[in-house]
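S.K.: Before anything else, here's the structure in question.
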Amino acid sequence: MESTAGRWWAPGRVNLIGEHTDYNDGYVLPLALPLGTTCTARARPDGVLRLRSEQAPGDTVDTTTADLSTAGWSDFPAWSRYPLGVIREFERRGHEIRGLDIDLDSTVPIGAGLSSSAALTCSVAIAVRDLFAPSVSTADLIDITRTAENVYAGVPTGVLDQSAALLCTPGHLLFLDTRTGKTEHIPFDLARHGLTLLIVDTGAPHRLMDSAYATRRAECATAAAQLDVPTLRDLPTAAEIDRLPDPVLRRRARHVITENARVLRIAEQLRSGADPRTIAPFLTAGHTSLRDDFEVSAPPLETAVAAALTAGAHGARLTGAGFGGSILALIDQRRATAASERIREALTAKGFTAPHIFTATPSAGAHRLG
Ligand code: GLA
């Protein structure tokens, strides 16, 4: 019998390494968090779309599939443009969505660089697929959810977050070549080595993020054009960037090229079964590159990374787009509690918000709950 209702879930993510590489056709290496968004959905026969979110109580959206094709999207509350964008995108690709009641609830902190938006779009996308469009492939779901974010929510992201939410598996990192779509699941069992991955959500809002993100994207495209390559992925070594006259573009390009190399290096180490401590210097080098070359760090992130390293982390870096949000730290399990305290003290001593600190284990990608 055709399913008409159910509950679906999709996770937030942490990107171990490979930042600002996805829109340059490069490599990324995320893991799924155990935190995610639950989408409770029921098909309706009357073309009505009714959306609610626990995170926006009192903000019920009531519209119709017909309205979606014509409506001024700015009339919809910002959070709802993500799920509505997904629905619209299914329709635009020829799938009839007869109507839906959707209730959303999320445990992913919003604005923390942990992809609450991909958790949202992907939980809705797998619900819509199961209810109305079972033939849609995972590759298409990645495209649908990314388009929802780019076009309807207006954030020009790459495919990192949506791919992580849809493709990650428990106990593994997802190694993704964003040019070819080729994936590999690399085991990441930190506990076996007495290690843990600490996530520090600094609570620093990344308000400038949307415009600065678009600027970085444009800078990378300009650098690639000036170097006469389709994307920065096509430059094998940083030596080539000397041809760029603008020092800012040189720095942006250097980040992308060295970051791709770091992803490949870390993937190789972990694939070969090496002690994960050996990847730590590349994590910290990735942070330095994001701070100095890509210029997307922020004072609370600097304080958190420095405090984590002082407290014994083997490596630490900002994760996600930057400008605020979270850092990750690779640290021995036995030191994690004391280090969390040190990081908290360092941040509050400088007048920053008290952080939310937790450990991340690689968890499941998007799936149906019931
Ligand atoms: C955000 C975007 C991703 C990616 C990262 C930076 O999370 O959504 O596509 O570009 O920033 O690595």
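Where a number appears in this text, it was derived from the coordinates with a stated rule and is not lab data. These numbers come from a predicted model, not from an experiment. Please note: Cβ atoms are built from the backbone with ideal geometry, for glycine as well, and neighbour counts cover all protein chains shown.
S.K.: Please sort 347-354, 76-83, 28-35 by packing, taking for each peptide the average over its residues of neighbouring beta carbons within 10 angstrom, highest first.
M.R.: 28-35, 76-83, 347-354
S.K.: A follow-up question, please. Relative to the first principal axis of the alpha-carbon coordinates of the chain, what is the inclination of helix 81-92, with its axis defined by its Cα atoms, in degrees from 0 to 90 and to the nearest 10?
M.R.: In the chain, helix 81-92 runs at an angle near 60 degrees to the longest axis.
S.K.: Convex hull over the alpha-carbon atoms of the chain: what's its volume per residue in Å³?
M.R.: 140
S.K.: Whole Å is fine, so just give me how far the alpha carbon centre of region 211-288 lies from that of region 1-65.
M.R.: Each part's Cα centre sits 30 Å from the other's.
S.K.: Would you please name the trypsin sites (Lys or Arg not before Pro) within region 126-202 that are DSSP coil residues with at most 14 other C-beta atoms within 10 Å of their C-beta? Before the final figure, lay out each step's value.
M.R.: On the way: sites: R129, R146, R179, K182, R192; in loops: R179, K182.
Those satisfying the criteria are K182.
S.K.: Let me know the shape class of region 303-360, please: from the alpha-carbon gyration tensor, a ≥ b ≥ c as square roots of the eigenvalues, rounded when a/c is under 1.5, otherwise prolate if a/b is greater than b/c, or oblate.
M.R.: oblate
S.K.: Sticking with this one: For each of W8, W73, count neighbouring Cβ atoms within 10 Å of the residue's Cβ, then give the residues from fewest to most.
M.R.: Exposure proxy ranking, most exposed first: W73, W8.
S.K.: When N is the residue count of region 117-156, what does its C-alpha Rg come to as a fraction of 2.2 N^0.38 Å?
M.R.: 1.10
S.K.: Equivalent ellipsoid semi-axes for region 1-67, as square roots of 5 times the alpha carbon gyration tensor eigenvalues: give them largest first, rounded to whole Å.
M.R.: On the way: eigenvalues 212, 47, 43 Å².
Semi-axes, largest first: 33, 15, 15 Å.
S.K.: Still on this model: Could you state, as a whole-number percent, how many of the C-alpha pairs of region 240-370 are farther apart than 17 Å?
M.R.: Of all Cα-Cα pairs in region 240-370, 64 percent lie more than 17 Å apart.
S.K.: Angle check, please: helix 299-310 long axis (alpha carbons) against the longest principal axis of the chain (alpha carbons), in degrees 0 to 90, nearest 10.
M.R.: It works out to around 50 degrees.
S.K.: Moving to a separate point now. Just to confirm the number: angle between the C-alpha axis of helix 116-132 and the first principal axis of the chain, 0 to 90 degrees, nearest 10?
M.R.: 40
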